[in-house]
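Structure, as structure tokens:
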């Protein structure tokens, strides 16, 4: 092994006079400061990586020399340590590269130096303001995405909200949302999306019922269980009053969540999730008693009957339009698409005017402006075509109301003779008198 190492060092000296550091001493170094330790790891990583690359390069270029099996095994065994040091170095430097989405769409790759604000653990009002979708419902994008995905096809999944999703997948989704992204949840399994929703609710810094009103909610729920029918009705009225006192975003999210969980319970025969199971799962998530949650879910019609949950329609993306230009001519409601693109454009302008320079958002701004220009041009063309069609229709109606009369053969000959007589009369009158 020592001979092989000596050979490798000789070859490295002949290649740009590069010599690898001596890593034979495996004794633990003294504890350094965080910056010095990180710098040491970076230098060690660079040296080991260069050694590995040059060593493998010499296998191809240096003829007549073959590395022994022991040398190859030693090199392969060192690669995991190299990659581990590389990963630690990236964590220390906080270099991130992830897809970024504004409102509804991917806007590119976030690179080192891009600023982002977390979603998980952020105040509800702030998060809803930053990530609200283009339909104007004042809710965070992560909550809307999860609910829309499960409402679409996940309500009948057995054990929904009870069966855990893959932890690494859930954490990866959290990381993408925290970095300003909006990952495609339709590619994920329903259990992971359900876990993501529970995780978001669990990490809210304040309960949905607010610290001030929560004791009153709990008392009203307790009265609802302890009273007769008349007392229960009175407790429900008290809950309605308390719900009206909640902040707008808290009330909106609680309403959507209650209606969504009610839909889950209605599919109990398929998903095996009754109201009792749902209360056991969401009571610690929402930091409330099971009694309060069960009262809310048992009186959804009285408390949240005016809630209409509609899935959001994503704005058209430049990647879709550039690959399929016919999409522009197949839009059912171009005016609504223009409204969505304008919402996205205003959001991008607001983000860029905040003073943070982000090339990805600037690129996305250009794409949205292109889409808006094409949509408006298409709208003008349609208006012109409709105007021409309207004129043609009016002409047809006029012809139908005043049809042209057919002229008979006798009338044609009579008109012709009359014309001949007039011409002859004019010629006779033009002759000079003698």
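The values are calculated or read from the model by the stated rules, or taken from the named source; none is laboratory data. All of these numbers come straight from a predicted model, not from anything done at the bench. A quick note on method: Cβ atoms are made from the backbone with ideal geometry, for glycine too, and the neighbour counts reach across all protein chains shown.
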Practice problem: Might you let me know whether the stretch 341-358 holds any residue that is part of a loop (DSSP other than H, G, I, E, B) and buried (at least 17 other Cβ atoms within 10 Å of the Cβ)? | Solution: yes
Practice problem: Go through the residues of the stretch 306-313 one by one and say whether even a single one is surrounded by 16 or more Cβ atoms within 10 Å (Cβ to Cβ), part of a loop (DSSP other than H, G, I, E, B) and within 22 Å of the chain's Cα centre (by Cα). | Solution: yes
Quiz item: So which residues in the stretch 328-340 are buried (at least 16 other Cβ atoms within 10 Å of the Cβ) and within 18 Å of the chain's Cα centre (by Cα)?
Solution: 337, 340
Quiz prompt | Residue ID - surrounded by the most Cβ atoms within 10 Å (Cβ to Cβ), chosen from residues in the stretch 249-280 that are over 20 Å from residue 153 (Cβ atoms) and under 27 Å from the mean Cα position of the chain (by Cα) | solution = 253
Practice problem: Scan the stretch 315-342 for residues that are closer than 28 Å to residue 263 by Cβ and modelled with pLDDT under 80 and jot them down. | Solution: 315, 332, 333
Quiz item: Out of curiosity, is residue 363 touching a strand residue (DSSP E or B) at 6+ places or on another chain (Cβ under 8 Å) and at pLDDT 80 or above?
Solution: yes
Self-check item: Residue count, the stretch 132-158 (criterion: touching a helix residue (DSSP H, G or I) at 6+ places or on another chain (Cβ under 7 Å) and at positive phi)
Solution: 0
Quiz prompt | Pairs with Cβ under 8 Å, 6+ apart, first in the stretch 110-128 and modelled with pLDDT under 90, second assigned to a helix (DSSP H, G or I) | solution = 110/360; 111/359; 111/360; 112/93; 114/360; 116/178; 117/130; 118/178
Quiz item: Conditions: (1) more than 23 Å from the chain's Cα centre (by Cα); (2) surrounded by fewer than 19 Cβ atoms within 10 Å (Cβ to Cβ). Residue 243 meets all but one. Number of the miss?
Solution: (2)
Quiz prompt | Tabulated pairs, the stretch 225-240, first over 20 Å from residue 307 (Cβ atoms), second modelled with pLDDT under 75 and in a loop (DSSP other than H, G, I, E, B), C-beta under 8 angstrom, 6+ apart or interchain | solution = 234/227; 235/227
Quiz item: Out of the stretch 134-155, which residues are closer than 21 Å to residue 203 by Cα and assigned to a loop (DSSP other than H, G, I, E, B)?
Solution: 138, 139, 140
